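Participant: Please see the structure below; I have some questions.
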Amino acid sequence: MSTQTKIETQTKIETQTKIETKTKTTTNENKDHIQQLIEKHPFITKEEKAEIIEAYRPLIIASIKRYCPIQKEYQDLYNDGVVYLLESLGNYSSKRGTTFGAYLKAGLRIYYLDTLRYLMKYTDSPEYEEYMESTAALEEEYFQDKDYHQLYNAIAVSYTHLTLPTTPYV
């Protein structure tokens, strides 16, 4: 490796480290700011609500991908998640002993799983059918593993009924 390449690499590493440090500081300050906005909720402006929505945008997107992965409905699911977030602001109380993020995450999980169940029941779409087929394969695999587990337990029980000699072999 040439000296010029080493210097460029070192400069890139230093720059990346500075960016990461700045991002961590900004993130911590941002978390504190968002928490303050959540605590003063009924008295926040539209711009402050938009800040909260933007802060929790990654959580909404991750919840959609994990619990209701239907691309055709993505925009509607995202909008529903934003509405759920805004409703959660009114329902949240820090006296319950959880953070708003944990409260929202649990609520979004339940909401999107219920939505997925509804969409699966009332929609005739190949995308839903493919999802259901993959879920059926998982169920088959689970029950097959369960059958193996039962066989293993049956074999183990049969070995416990064997009587072993009490005198050691010589």
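The values are calculated or read from the model by the stated rules, or taken from the named source; none is laboratory data. These numbers come from a predicted model, not from an experiment. Glycine also receives a Cβ, built like all others from the backbone with ideal geometry; neighbour counts cover every protein chain displayed. Surface accessibility is based on the protein's heavy atoms, side chains included, excluding ligands, DNA and RNA. Shrake-Rupley method; radii C 1.70, N 1.55, O 1.52, S 1.80 Å.
Participant: Go through segment 65-101 and give me each residue that's β-branched (Val, Ile, Thr) and either modelled with pLDDT under 90 or touching a strand residue (DSSP E or B) at 6+ places or on another chain (Cβ under 6 Å) (or both).
Facilitator: Here is the first cut: in segment 65-101, the ones β-branched (Val, Ile, Thr) are 70, 82-83, 98-99.
Answer for segment 65-101, where residues must be β-branched (Val, Ile, Thr) and either modelled with pLDDT under 90 or touching a strand residue (DSSP E or B) at 6+ places or on another chain (Cβ under 6 Å) (or both): Ile70, Thr98, Thr99.
Participant: Is there any pair with a first residue in segment 60-72 that is closer than 20 Å to Ala50 by Cα and a second that is open to solvent by less than 30 Å² (accessible area, probe 1.4 Å) and in a loop (DSSP other than H, G, I, E, B) whose Cβ atoms are under 9 Å apart and which are 6 or more apart or on different chains, and what are they?
Facilitator: Ile64/Ile70
Participant: Restricting attention to segment 27-52, report how many residues are under 10 Å from Leu89 (Cβ atoms) and either touching a strand residue (DSSP E or B) at 6+ places or on another chain (Cβ under 7 Å) or open to solvent by less than 60 Å² (accessible area, probe 1.4 Å) (or both).
Facilitator: The total comes to 5.
Participant: While we're looking at this one, here's another question. Report, by residue number, each residue of segment 61-108 that is hydrophobic (A, V, I, L, M, F, W, C), exposed (fewer than 12 other Cβ atoms within 10 Å of the Cβ) and closer than 20 Å to Lys40 by Cβ.
Facilitator: Ala102
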